[in-house]
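Chemist: To start, I am sharing the structure in question, which I have written as structure tokens.
The values are calculated or read from the model by the stated rules, or taken from the named source; none is laboratory data. The model shown is predicted, which means the values in this text are computed figures rather than measured ones. Cβ sites come from the backbone with ideal geometry, for glycine too, and all protein chains shown count toward neighbours. In case anyone asks, the SASA skips ligands and DNA or RNA and just uses the protein heavy atoms, side chains included. Shrake-Rupley method; radii C 1.70, N 1.55, O 1.52, S 1.80 Å.
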Amino acid sequence: MIAFPREILAVEGARQIPDGDVVIVGTGLPLLAATLAQRTHAPNAKLVIESGVVFPKVVPTPVSVVDPRLMHGASRHGSLFEALGGLVQRGLVQTGFLGGAQIDRYANINSTWVAGKRLPGSGGANDIASHCRKVVILTDHERRRFPERCDHVTSPGFLSGPGEREKAGLPPLDVKVITDLCVMEAADSALTVTALMPSATLDAVRAETGFEVDSVPSPASVQPPSPEELRLLREVLDPNCVYFPERNR
């Protein structure tokens with residue numbers, strides 16, 4: 001089976017979740033990644049939804065953070081305050097999934113203000129970037145999304161460079177940015193390409209990135225989804241192509 005680029009994003013996102021992690025997600029590809037992880041290599045991963053749903057057994061396919069299918073079998077139906085204040089800010093959530101309009105070379109995220117236009121803003125993204133041990137960002141790879149510096153920093157990565165996060169009183173963080181072209185990683189440093197998506201090249205990554213791209217000497221190749229991973233995505237988690245409409249084209 002041939003995987004679509006967004007399916008590869010979801011699968012590679014799932015692979016970032018170790019078994020037993022507590023993971024905070026929203027709907028969309030992050031939710032598909034987390035529920036896929038639960039059904040494959042991480043059956044003991046536990047989900048927290050920003051709206052306050054704690055440890056649900058998600059019934060496919062929710063379309064918002066207040067969709068009842070997202071609340072099925074939950075340990076608790078709480079609040080935004082409980083999810084972010086009671087769990088994330090206390091350091092009880094290991095992995096957080098984020099997105100944004102801009103991600104700069106030091107993994108700062110902007111979801112507030114771009115070129116004079118107001119965007120939805122942080123929600124819980126600042127809390128997640130500030131307090132989770134690992135942040136995974138799933139996004140399309142477009143030059144406009146990867147500027148040298150964000151127009152506004154909504155959620156902190158490593159601020160202006162090495163050591164600045166610690167100076168700001170923020171805990172250590174590992175960041176993985178997964179795009180349709182590559183995987184970039186950082187831990188108190190600039191984002192560095194560590195792997196390339198199937199058929200992608202470093203030249204293609206550089207052409208679609210607004211900052212100088214650092215890379216390990218020989219980037220790995222991201223493993224394509226297995227037949228079982230694709231079956232779960234297509235037949236179990238998103239059978240009606242809510243998040244993968246390209247499958248109907």
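Chemist: Amide H to amide H under 5 Å from Val22: which residues, 5+ apart in sequence or cross-chain, H placed 1.01 Å off N in plane?
Modeler: Lys46, Gln94, Thr95
Chemist: If you don't mind, there's one more thing I want to ask. Apply the Karplus parameterisation 6.51 cos²θ - 1.76 cosθ + 1.60, with θ equal to phi minus 60°, to every residue of region 152-162 and state each ³J(HN,Hα) to the nearest whole Hz, in sequence, with x for glycine and proline.
Modeler: The phi angles translate into 8, 9, 7, 10, x, x, 10, 6, 9, x, x Hz.
Chemist: A further question on this structure: Net charge around Phe146, counting only other residues with Cβ within less than 10 Å of its Cβ (Lys, Arg = +1; Asp, Glu = -1)?
Modeler: 0
Chemist: Something else now. Determine the shape class of region 101-228: with a ≥ b ≥ c the square roots of the Cα gyration tensor eigenvalues, call it rounded for a/c under 1.5, and otherwise prolate if a/b is greater than b/c, oblate otherwise. The partial results should precede the final answer.
Modeler: On the way: a/c = 1.61, a/b = 1.41, b/c = 1.14.
The shape class here is prolate.
Chemist: Relative contact order (percent) for region 5-243, with alpha-carbon contacts under 8 angstrom and 6 or more residues of separation?
Modeler: Values: 535 pairs, mean separation 42.7, N = 239.
Worked out over region 5-243, it gives 18 percent.
Chemist: What percentage of the solvent-accessible surface of the chain, computed with a 1.4 Å probe over protein heavy atoms, is contributed by carbon and sulfur atoms? Intermediate results must be reported in sequence, preceding the final value.
Modeler: Details: 5900 of 11040 Å².
That fraction is 53 percent.
Chemist: For region 1-66, what's the relative contact order in percent, using C-alpha pairs closer than 8 Å and at least 6 residues apart?
Modeler: So the answer I get is 31 percent.
Chemist: Take every DSSP beta bridge whose two residues both sit in the chain, then give the antiparallel share in percent to the nearest 5.
Modeler: 45 percent
Chemist: Ordered by packing density, taken as the mean number of other Cβ atoms within 10 Å over each peptide's residues, highest first, how do 160-172, 121-133 rank? Numbers along the way, then the final one.
Modeler: Working: 160-172: 12.9, 121-133: 20.2.
So the peptides 160-172, 121-133, ranked by packing, come out 121-133, 160-172.
Chemist: Could I ask something else about it? Cut-off under 28 Å on the C-alpha distance; same-chain residues fewer than 8 positions from Lys46 excluded. Which lysines are left, in chain and number order?
Modeler: Once the sequence-local lysines are set aside, what remains near Lys46 is Lys57, Lys134, Lys176.
Chemist: Calculate one ³J(HN,Hα) per residue across region 134-148 by plugging θ = phi - 60° into the Karplus curve 6.51 cos²θ - 1.76 cosθ + 1.60, and present them in order as whole Hz with x for glycine and proline.
Modeler: Going residue by residue, I get 9, 10, 10, 10, 10, 7, 6, 9, 10, 4, 5, 7, 10, x, 4 Hz, with x marking Gly and Pro.
Chemist: Counting only protein chains, not ligands or nucleic acids, how are Asp214, Asp203 ordered by accessible area (probe 1.4 Å), most first?
Modeler: I get Asp203, Asp214, largest accessible area first.
Chemist: Ala195's amide H: which non-local residues (gap 5+, or another chain) put their own amide H closer than 5 Å, with H modeled 1.01 Å from N in plane and none for Pro or chain starts?
Modeler: Result for Ala195 returns Val183, Ala220.
Chemist: Over region 45-133, what relative contact order in percent results from Cα pairs under 8 Å that are six or more residues apart?
Modeler: Here the relative contact order equals 24 percent.
Chemist: What is the local net charge at Ile17, summed over the other residues whose Cβ is closer than 15 Å to its Cβ (Lys, Arg +1; Asp, Glu -1)?
Modeler: For residues surrounding Ile17, the net value is +1.
Chemist: How big is the gap, in Å, between the Cα center of region 211-229 and the Cα center of region 135-159?
Modeler: 19 Å
Chemist: Grab the other residues whose beta carbon is less than 10 angstrom from that of Val193, score K and R as +1, D and E as -1, and report the net. Could you put the intermediate results ahead of the total?
Modeler: On the way: positive: Arg206; negative: Glu185, Asp214.
With Lys, Arg at +1 and Asp, Glu at -1, the net is -1.
Chemist: Round to the nearest 0.05 the FRET efficiency obtained for Ala115 and Gln89 when R0 = 45 Å and r is the Cβ-Cβ distance.
Modeler: So, using R0 = 45 Å, E works out to roughly 0.90.
Chemist: Got a sec to turn the phi values of region 121-127 into Karplus ³J(HN,Hα) couplings, 6.51 cos²θ - 1.76 cosθ + 1.60 with θ = phi - 60°, whole Hz, x for Gly and Pro?
Modeler: So the J values, rounded to whole Hz, are x, 6, x, x, 5, 5, 4.
Chemist: Same structure, new question: Quick one: accessible area per residue over the chain, 1.4 Å probe, rounded to a whole number of Å²? Kindly include the intermediate steps, with their values, before the conclusion.
Modeler: On the way: 11040 Å² over 249 residues.
For the chain, the per-residue accessible area is 44 Å².
Chemist: Given H placed 1.01 Å from N in the peptide plane, which residues other than close sequence neighbours of Arg76 have an amide H under 5 Å from its amide H?
Modeler: Here the answer is Val54, since their amide H atoms fall under 5 Å of that of Arg76.
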